[in-house]
Amino acid sequence: MRELAILVFVTLDGVMQAPGSPEEDPSGGFKHGGWAAPYWQGVMPHVEQAAMSEQYDILFGRKTYDLFAGHWPNAAKSKASERLNNAEKYVATSTPLTTEWQKSHTITGDLVGEINELKSYDGPLLQVHGSARLIQSLMKHDLIDEFRIWTFPVLVGAGKRLFEVSHPPLGLRLTTCEGLANGVVSNFYRRDV
């Protein structure tokens, strides 16, 4: 059986919407997209080393998948691009994929049942990159084994938050905490069972 981990970037006030660019996710009138971009140079090497150096498969929400699929298949060859392109990619979506990206599979039926089935197989860690709505569903159904959170020293007010909806109480245990030189803090939490 394999585990599922979420990998998210959040502001100090808990917003995870559109960290990369203004065009990434302007839904709900969000006007602060790109809030993490000034910190990328100091953060991405840490993310790659701490969370993306081992083999993994990816579980995406549709919007995040479309963003990644529009970039990574044609990205310059690197360890990160090779891992992303060679990973099995599972996309929670209600519509057919419009972008061809190798090793992509859709999850269109019973989300909880299909994710539980994916977790029951032997294989590498399942990682969720971004995907706010998907993460909310995973939390609601208690499917997350590890929370990998990078908190940026930025406040944006409104936007999609990591912890938005009511979900069952869950005790977590901090397994790693690292402050980066640019003020970003990396915290990994595991379920405290």
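Across the stretch 145-162, not a single residue is classified as modelled with pLDDT under 90, touching a strand residue (DSSP E or B) at 6+ places or on another chain (Cβ under 8 Å) and surrounded by fewer than 16 Cβ atoms within 10 Å (Cβ to Cβ).
Among the residues of the stretch 31-42, those identified as buried (at least 19 other Cβ atoms within 10 Å of the Cβ) and either more than 16 Å from residue 8 (Cα to Cα) or hydrophobic (A, V, I, L, M, F, W, C) (or both) are 35, 36. For the stretch 4-30, filtered to residues that are loosely packed, with under 15 Cβ neighbours inside 10 Å and closer than 27 Å to residue 112 by Cβ, the residue that is nearest to the chain's Cα centre (by Cα) is 27. Among the conditions (1) part of a loop (DSSP other than H, G, I, E, B); (2) over 24 Å from residue 22 (Cβ atoms), residue 182 misses just one, which is (2).
Criterion applied to 102, 127 was being touching a residue at least 60 places away in the same chain (Cβ under 8 Å) and within 25 Å of residue 49 (Cα to Cα), and the one residue passing it is 127.
Do the conditions hold for residue 123, that is, is it small (Gly, Ala, Ser), surrounded by fewer than 16 Cβ atoms within 10 Å (Cβ to Cβ), at pLDDT 90 or above and assigned to a loop (DSSP other than H, G, I, E, B)? For residue 123, the condition - small (Gly, Ala, Ser), surrounded by fewer than 16 Cβ atoms within 10 Å (Cβ to Cβ), at pLDDT 90 or above and assigned to a loop (DSSP other than H, G, I, E, B) - is met. For the residues 47, 8, the requirement of being closer than 27 Å to residue 179 by Cα and at pLDDT 95 or above singles out 8.
Within the set 173, 161, 148, 133, the sole residue that is among the basic types (Lys, Arg) and free of Cβ contacts under 8 Å to residues at least 60 places away in the same chain turns out to be 173.
Residues in the stretch 92-106 that are closer than 14 Å to residue 58 by Cβ and surrounded by fewer than 12 Cβ atoms within 10 Å (Cβ to Cβ): 102 only. Restricting 1, 52 to those that are touching a helix residue (DSSP H, G or I) at 6+ places or on another chain (Cβ under 8 Å) and surrounded by 14 or more Cβ atoms within 10 Å (Cβ to Cβ) reduces the list to 52.
Can you list the strands (runs of 3 or more DSSP E) lying wholly within the stretch 1-97 that have 3 or more residues being within 24 Å of residue 151 (Cβ to Cβ)?
The strands (runs of 3 or more DSSP E) meeting that bar are 4-11, 56-61.
The values are calculated or read from the model by the stated rules, or taken from the named source; none is laboratory data. Here the structure is a predicted model, which means the values were calculated and not measured. As a convention, Cβ positions derive from the backbone with ideal geometry for all residues, glycine included, and neighbour counts pool all protein chains shown.
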